[in-house]
Amino acid sequence: MLNVDLIEKMRKIVGKENLSISSCELYCYSSDASQIRGVPEVVIKPLSTAQVSEIIKIAYAHNISVTARGAGTGLSGGCVPLEGGIVLDMSAMNRIVEMDFDNLQVVVEPGIVQEKLNKALEPYGFFFPPDPGSSAMCTLGGLIANNGSGMRSVKYGTTRSYVLGLEVVMADGEIVRTGSKTMKSVAGYSLTDLMVGSEGTLGIITQAIIKVRAIPKDRSVIFASFDNPELAGKAVVKVLASGIVPSACEILDSNIIRAINTYDPKIGLPLAGAILLFEVDGSEAEVKEGVNLIVKTCEGLASGIRTASDKKERDEIWAARRLAGAAISRLDPMRTRVYVGEDVGVPIKEIPKMLRKVDEISKEFNLPIMTYGHIGDGNLHTGMCIDMLSDEDWMKLNAAADRIHRTAIAMGGTTTAEHGVGSARSEYMRLELGNALDIMIAIKKALDPKGILNPGKMGV
Amino acid sequence: MSNLDLRSILKCVRCGTCRSVCPIFEQTGWESASSRGRMLVAHGIYHGLEADQDVLNSLNTCTTCGLCEQMCPSGASPTQIVQNARHHLVLKGKMTDSQAALRDEATSKGNPLGETRYRHAWLKNASDIKEHAPYVFFVGCLGSYRYPELTRRTFDLLKKFDVTLIPEEVCCGSPLLRTGSDPDFLISKNLEQIKKIGAHTIITGCAGCYTTLRNDYPDGLKVLHVSEFLAERLSEMNLKRLDIKVTYHDPCHLGRCNGVFDAPRKIITSICELKEMKTHHQQSRCCGAGGGVLKGYPDLSLALSKKRLEEIPEGVDYLVTSCPLCRTNLQRGGPKVEVIDILDLLEMAMK
Ligand SMILES: Cc1cc2nc3c(=O)[nH]c(=O)nc-3n(C[C@H](O)[C@H](O)[C@H](O)COP(=O)(O)OP(=O)(O)OC[C@H]3O[C@@H](n4cnc5c(N)ncnc54)[C@H](O)[C@@H]3O)c2cc1C
Ligand code: SF4
Ligand code: SF4
């Protein structure tokens, strides 16, 4: 249990300006971008690994739960302290510790924001590829803990592919280093992989060795319009089978098209039933070949197709696409986007079928569902907007989300392709994972026997 | 709860976009000092969160610079909600000492500076105040009391174009509106006189007055910033080209909040070379003074000013701005070049 003495002790560790028990502050740390709520008893902003370790030792000794938090942009309640206790706001540990480009890597603290890291890498000609819609605000720690990804994952993979090693503070306060600076190592179980995607339930990440890539010389964006999302889904399957690997492959349905046009009227997307945005990157020749192949493959299915004229148009469309999910709220002043049931993934072949099912669910519940997302890797975001003051809307929303989750699982898909389980999706873990969940529970017990790290998450 | 509309608070999806641009959050690093935090606090107040000093600090450290609102993907209005939440609490008697001081001074003296001197003391010739005119120059409190010289010179220029003054001008109401108090009595006092004068257009040299006159006074009055008024009359002013380079600070309440970007730049570029600051136009960084922050949280305000001054490009001779409040705060930050008003620049070119 937390008490005044323990708080005093922790205040001494981090300094008085880095700890707060103000009810106002606690309220501000009671949520992320999901609908999950939980108020912490104290918020602490550590500045070093040693401080994290000291705090965790106290928490361990006194059975106090600890929930790590990056920028709080999560969509699953991951950083929400369901049992009160301590929230560790890691955003002040945001330094780049080392830039080691000869080894194609950088060492960072977890609080650094994705976009800030990329801005720092750019002058050297490198980048960190995973690019979630929340790049401008989310932290590397949050990305690693959620194994987040984004529009480029169809070519570049998820955050996992870029984590070579980690420094982690374990549940008892012990500081452990996993992985190494080598590009390959098979020494022991891959604890790095275990930590990536563990959502703060197994340890607190305090440093990461991150692989970076050289910025491609050239890129081009293709807009392909379709009469309906299902046709777009078919085109995606065909393009991916043609051997070309686009660096992005995004779908926008008609509502999202409207939302983007409202958010940034400069963009003026054609009002089609669905649009696919493809990006190809690489050398000039590779890009040219890729563009030609995509255009050819979409012919017959697409109602219109064109390439972005310049870098400016490209940057604008990606900037708007990143925030499209939230921009849906602009379509109707009475409604707000609610992130529930928003992150399913299905095997690529099932994409057209999943799109059709989502449409059916939308009609059945009489609830507009807007579809967008990283269709190139089968990841669909289903965006729902409701009147936040209507109980009936909330009921419809939750029922539709439940149906979407179960439909995806039935197709061999997943309830969450990138946003994480948190507590928003923990109830589906048994259905989705079967007895593999028991292994997860066993691991959790072994590494966090007292269950102090982010309790109530991931079904463990 | 009249002023705290739950539905507009719930427009916020807590995506955190604003958190990554809010200059105050950047300074303190605590959620309660970001716009997302302030939206949550407003929500909390609605649901009975006690309005203690921390709540007041959260709400009152917003400069109302509007950057969050501009970037917000979901179309929420955090700046407006902050002002509404302040107002809601003031109505219940909950406010900071600085809010109370602003309100009391403005109520008793007609200006938030506590000045009791005659407002137009800078005016050399009382007969320049005409009974009727198509244009009035709204001086503002800082212009009247802190920059009387500049004001006199501005008016000397304006009066050639059929511009008069409001004989008993009082504060436009901006400091009260921003900090949650009721400005109605000030607004009516100014309005009555403007009506008597029969003016169709108000000209002001202050960004705070500008946004208030334009958005919080009843419709039907045209409002121009001095720079807009003069940018249309450059040909009549016989300007000579100056061999200097300057940079320009967009006041939030003039630029981002009201879209006045071009007129000041038109004046500058017709006189000398303009080199933009690191952020400008819609993305322009706040000087840190607005929303009652300079008065209520001078240290925070100073830190923002210093950050803004770091954005001055190399090799410029002056930092030009078009708002006395911005100028005051930028001056506090210890600029490496002199901070001048756009009028000062015009005058240099007229001599
Ligand atoms: C508009 C919008 C668009 C988005 N788009 C995408 C997208 O395209 N792709 C995507 O993958 N996600 C997306 N997200 C979701 C979210 O941004 C990501 O999950 C992100 O990785 C969360 O990072 P964060 O820093 O905000 O972490 P938080 O939300 O603060 O925390 C997320 C999880 O990480 C844990 N955690 C944080 N730091 C640490 C640490 N140092 N050690 C251990 N655990 C830690 C927390 O406990 C929690 O479980 C989007 C969110 C929004 C609001
Ligand atoms: S940007 Fe808008 S929706 Fe996002 S957290 Fe800020 S106010 Fe809320
Ligand atoms: S108006 Fe400016 S200071 Fe206020 S919350 Fe928004 S970004 Fe921050």
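The values are calculated or read from the model by the stated rules, or taken from the named source; none is laboratory data. All values derive from a computational prediction rather than experimental measurement. Virtual Cβ from ideal backbone geometry, glycine too; neighbours counted across all protein chains shown. For the accessible areas, the whole protein counts, side chains as well, though only heavy atoms, and no ligand, DNA or RNA atoms are used. Shrake-Rupley method; radii C 1.70, N 1.55, O 1.52, S 1.80 Å.
In the set B:N57, B:N84, which member is open to solvent by 20 Å² or more (accessible area, probe 1.4 Å), modelled with pLDDT of 95 or more and either touching a strand residue (DSSP E or B) at 6+ places or on another chain (Cβ under 9 Å) or more than 17 Å from A:S23 (Cβ to Cβ) (or both)?
Details: B:N57 fails: either touching a strand residue (DSSP E or B) at 6+ places or on another chain (Cβ under 9 Å) or more than 17 Å from A:S23 (Cβ to Cβ) (or both).
Residue meeting the stated conditions: B:N84.
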Among (1) surrounded by fewer than 16 Cβ atoms within 10 Å (Cβ to Cβ); (2) within 28 Å of A:I386 (Cα to Cα), the one test that A:I36 misses: (1)
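Let's see how each residue does on (1) surrounded by fewer than 20 Cβ atoms within 10 Å (Cβ to Cβ); (2) away from ligand 1 (no atom under 16 Å from the Cβ); (3) more than 25 Å from the chain's Cα centre (by Cα); (4) in a loop (DSSP other than H, G, I, E, B):
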residue: B:N3; (1), (2), (3), (4): yes, yes, no, yes
residue: B:R7; (1), (2), (3), (4): yes, yes, yes, no
residue: B:R19; (1), (2), (3), (4): no, no, no, yes
residue: B:E69; (1), (2), (3), (4): no, yes, no, no
residue: B:G93; (1), (2), (3), (4): yes, yes, yes, yes
residue: B:R103; (1), (2), (3), (4): no, yes, no, no
residue: B:T107; (1), (2), (3), (4): yes, yes, no, no
Unmet criterion (only one of (1) in contact with a Phe, Trp or Tyr (Cβ under 9 Å, 6 or more places away or on another chain); (2) within 23 Å of A:G179 (Cβ to Cβ); (3) polar (S, T, N, Q)) for A:N103: (1)
Answer from B:G37, B:G66, B:G75 - the residue that is modelled with pLDDT under 95, closer than 27 Å to A:P132 by Cα and within 15 Å of ligand 2 (Cβ to nearest atom): B:G75
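Test A:I275 against the criterion of being within 14 Å of another protein chain (Cβ to nearest Cβ), in contact with a Ser or Thr (Cβ under 9 Å, 6 or more places away or on another chain) and within 30 Å of B:T17 (Cα to Cα), and give yes or no.
Details: within 14 Å of another protein chain (Cβ to nearest Cβ): no; in contact with a Ser or Thr (Cβ under 9 Å, 6 or more places away or on another chain): yes; within 30 Å of B:T17 (Cα to Cα): yes.
Taking the combined requirement at face value, the residue does not satisfy it.
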Residue within region B:34-43 that is of a type outside the set (A, V, I, L, M, F, W, C), surrounded by fewer than 16 Cβ atoms within 10 Å (Cβ to Cβ), more than 16 Å from ligand 1 (Cβ to nearest atom) and within 18 Å of B:A85 (Cα to Cα) present: no
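Given the structure, is B:T28 out of contact with any Lys or Arg (no Cβ under 6 Å at 6 or more places or on another chain), more than 16 Å from ligand 1 (Cβ to nearest atom) and within 19 Å of A:Y263 (Cα to Cα)? Before the answer, list the steps.
Values: out of contact with any Lys or Arg (no Cβ under 6 Å at 6 or more places or on another chain): yes; more than 16 Å from ligand 1 (Cβ to nearest atom): yes; within 19 Å of A:Y263 (Cα to Cα): no.
The answer is no for B:T28.
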First in region B:9-29 and closer than 17 Å to A:S135 by Cβ, second anywhere and within 6 Å of ligand 3 (Cβ to nearest atom), Cβ under 8 Å, 6 or more apart: B:T17/B:C68; B:C18/B:S35; B:C18/B:L67; B:C18/B:C68; B:C18/B:P78; B:R19/B:S35; B:V21/B:L67; B:V21/B:C68
Close pairs from region B:246-258: first away from chain A (no Cβ under 14 Å) and within 21 Å of B:K222 (Cβ to Cβ), partner within 15 Å of ligand 3 (Cβ to nearest atom) and of a type in the set (A, V, I, L, M, F, W, C), Cβ under 6 Å, at least 6 apart: B:P251/B:A207; B:P251/B:C326; B:H253/B:A207; B:L254/B:A207
Options B:G315, B:G259: the member that is open to solvent by 10 Å² or more (accessible area, probe 1.4 Å) and over 24 Å from B:E347 (Cα atoms): B:G259
Residues within region B:109-129 that are open to solvent by 80 Å² or more (accessible area, probe 1.4 Å) and in contact (Cβ under 8 Å) with a residue 24 or more places away in the chain, tallied: 2
Subset of region B:132-169 (residues that are under 24 Å from B:G114 (Cβ atoms) and part of a loop (DSSP other than H, G, I, E, B)): B:V139, B:G140, B:R146, B:Y147, B:I166, B:P167, B:E168, B:E169
Residues satisfying the stated conditions in region B:216-235, i.e. within 15 Å of B:E347 (Cβ to Cβ) and either among the acidic types (D, E) or open to solvent by 10 Å² or more (accessible area, probe 1.4 Å) (or both): B:R233, B:L234
Helices (runs of 4 or more DSSP H) lying entirely in region A:69-162 (those with 2 or more residues that are buried (at least 24 other Cβ atoms within 10 Å of the Cβ) and within 14 Å of another protein chain (Cβ to nearest Cβ)): A:140-146
Any chance A:S283 is among the hydroxyl-bearing types (S, T, Y), within 25 Å of A:S362 (Cα to Cα) and over 25 Å from the mean Cα position of the chain (by Cα): no
Enumeration of residues in region A:188-243 that are away from ligand 1 (no atom under 15 Å from the Cβ) and under 19 Å from the mean Cα position of the chain (by Cα): A:K211, A:V212
Some residue of region B:222-229 being in the same structural domain as B:L346 (by TED's automatic domain parsing) and either small (G, A, S) or part of a loop (DSSP other than H, G, I, E, B) (or both): no
Yes/no for B:L294 being surrounded by fewer than 20 Cβ atoms within 10 Å (Cβ to Cβ), under 17 Å from the mean Cα position of the chain (by Cα) and not polar (S, T, N, Q): no
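What are the residues in region A:1-43 that are of a type in the set (D, E, K, R) and more than 14 Å from every other protein chain (Cβ to nearest Cβ), if any?
We begin by selecting, within region A:1-43, every residue of a type in the set (D, E, K, R); these are A:5, A:8-9, A:11-12, A:16-17, A:25, A:32, A:37, A:41.
Within region A:1-43, A:D5, A:E8, A:K9, A:R11, A:K12, A:E41 meet the criteria.
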For B:S74: the one exception among (1) within 14 Å of chain A (Cβ to nearest Cβ); (2) more than 16 Å from ligand 1 (Cβ to nearest atom); (3) assigned to a loop (DSSP other than H, G, I, E, B): (2)
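Taking region B:17-35, which residues are among the aromatic types (F, W, Y) and more than 9 Å from chain A (Cβ to nearest Cβ)?
Filtering region B:17-35 for residues among the aromatic types (F, W, Y) gives B:25, B:30.
Listed by number, the list holds a single entry, B:F25.
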Matching helices (runs of 4 or more DSSP H) fully within region A:322-412 where at least 1 residues are surrounded by fewer than 16 Cβ atoms within 10 Å (Cβ to Cβ) and more than 12 Å from chain B (Cβ to nearest Cβ): A:351-364, A:391-410
Top-ranked residue in region B:36-52 [being more than 9 Å from chain A (Cβ to nearest Cβ) and assigned to a helix (DSSP H, G or I); ranked as nearest to ligand 3 (Cβ to nearest atom)]: B:M39
Condition broken by A:G125, with the remaining ones in (1) within 25 Å of A:D315 (Cβ to Cβ); (2) within 23 Å of the chain's Cα centre (by Cα) satisfied: (2)
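Name the residue that is farthest from ligand 2 (Cβ to nearest atom), counting only residues in region A:171-226 that are outside any loop (DSSP other than H, G, I, E, B), of a type in the set (G, A, S) and touching a Leu at 6+ places or on another chain (Cβ under 7 Å). So that I can check it myself, show each step before the final result.
Quick first cut of region A:171-226, residues outside any loop (DSSP other than H, G, I, E, B) only: A:175-179, A:191-195, A:204-211, A:213-214, A:218-226.
Right, trim to of a type in the set (G, A, S) and you get A:179, A:208, A:214, A:220, A:224-225.
Checking which are touching a Leu at 6+ places or on another chain (Cβ under 7 Å) leaves us with A:179, A:208, A:224.
On the way: A:G179: 34, A:A208: 26, A:A224: 30 Å.
The residue in question is A:G179.
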